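Reviewing the structure listed below.
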Amino acid sequence: MLETAANFIAEKGAAFVASQIISVVAAALLLASFQQRTHRRIVVIQAMSGLLFGTQYFLLGAYEGMVCNLVGMARAVTYSFRGKSKFVDSIACPIIFAAAFVASSIVTYKNLFSLLPMGAMVLASFVLWSPKTQRLRALTLPSSFMWLVYNAANSSYVACLTEVLCEISIVIGLIRFRDKKAKH
């Protein structure tokens, strides 16, 4: 068993193995975020997850995913002040972050797959800005699919599983926190 693990690490490389381990922790945080009751808690936990996913993408050499996650981390921290800052509450805020994602994708462009993080994060810039947590959960599904395809293209296997689990977690959150009046 130990020899098999050593052979796997030798074949894939320590950076690859470390990236997958970091991805597990990032995934746990991301999945937990959708079970939070408040918008602020969702975005703060997603910021921590973004930092770890950014590190994971760096180790894989997937720099567009890394940069998008680091900008996404700054976005999540900024959005945690929604309702407390006129700038964050203005439409200019998500527009500026969307522009930052487009600019970062131009700088890190490698192939068509490298456009997927940009698309996911531009969409998420407006979705996460919305103070309505149920809308946030539901509209995160398309960006999750974009990340799923990007992760598969970059051998980020744990992150692929994360996106599938993320979508399940979102559906659970939608059901768990649905408007009780809408059921009648």
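The values are calculated or read from the model by the stated rules, or taken from the named source; none is laboratory data. Just so we're clear, the structure is a prediction, and the values are computed from it rather than from any experiment. Please note: Cβ atoms are built from the backbone with ideal geometry, for glycine as well, and neighbour counts cover all protein chains shown.
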remark   = Residue hits (the range 116-130; under 11 Å from the mean Cα position of the chain (by Cα) and either charged (D, E, K, R) or under 18 Å from residue 153 (Cβ atoms) (or both)) are 117, 120, 121
ask   = List, please: which pairs have Cβ atoms under 9 Å, are six or more places apart or on different chains, and start with a residue in the range 36-53 that is without any contact (Cβ under 8 Å) to a residue 12 or more places away in the chain and end with one that is not in a loop (DSSP other than H, G, I, E, B) and not hydrophobic (A, V, I, L, M, F, W, C)?
value = 36/133; 36/173; 41/33
inquiry  = Name the single residue that is surrounded by the fewest Cβ atoms within 10 Å (Cβ to Cβ) among those in the range 142-169 being in contact with an Asp or Glu (Cβ under 6 Å, 6 or more places away or on another chain) and not aromatic (Phe, Trp, Tyr).
reply    = 144
task = Evaluate the range 47-60: report whether one residue or more is surrounded by 23 or more Cβ atoms within 10 Å (Cβ to Cβ), part of a loop (DSSP other than H, G, I, E, B) and in contact with a Lys or Arg (Cβ under 9 Å, 6 or more places away or on another chain).
result = no
query = If a residue has to be assigned to a helix (DSSP H, G or I) and surrounded by fewer than 21 Cβ atoms within 10 Å (Cβ to Cβ) to count, how many in the range 26-44 make the cut?
reply = 8
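A quick yes/no check of all residues on (1) out of contact with any Ser or Thr (no Cβ under 9 Å at 6 or more places or on another chain); (2) touching a residue at least 60 places away in the same chain (Cβ under 8 Å); (3) not in a helix (DSSP H, G or I):
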site	(1), (2), (3)
75	no, no, no
81	yes, no, yes
100	no, no, no
110	yes, no, yes
135	yes, no, no
138	yes, no, no
141	yes, no, no
163	no, no, no
task = Can you work out which of the residues in the range 170-184 that are in a loop (DSSP other than H, G, I, E, B) and in contact (Cβ under 8 Å) with a residue 24 or more places away in the chain is surrounded by the most Cβ atoms within 10 Å (Cβ to Cβ)?
result = 177
request  = Give the range 130-153 a look and list any residue that's within 30 Å of residue 17 (Cα to Cα) and modelled with pLDDT under 90, or say none.
outcome  = 140, 141
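Okay, residues lined up against (1) farther than 26 Å from residue 99 by Cβ; (2) not aliphatic (A, V, I, L, M):
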site	(1), (2)
12	yes, yes
22	yes, no
32	yes, no
39	no, yes
61	no, yes
inquiry  = Give all pairs with beta carbons closer than 8 Å in which a residue from the range 1-18 that is under 16 Å from residue 57 (Cβ atoms) and surrounded by 10 or more Cβ atoms within 10 Å (Cβ to Cβ) meets a residue that is modelled with pLDDT of 70 or more and aliphatic (A, V, I, L, M); count only pairs at least 6 apart in sequence or on separate chains.
reply    = 15/59; 15/60; 16/59; 16/60; 18/59
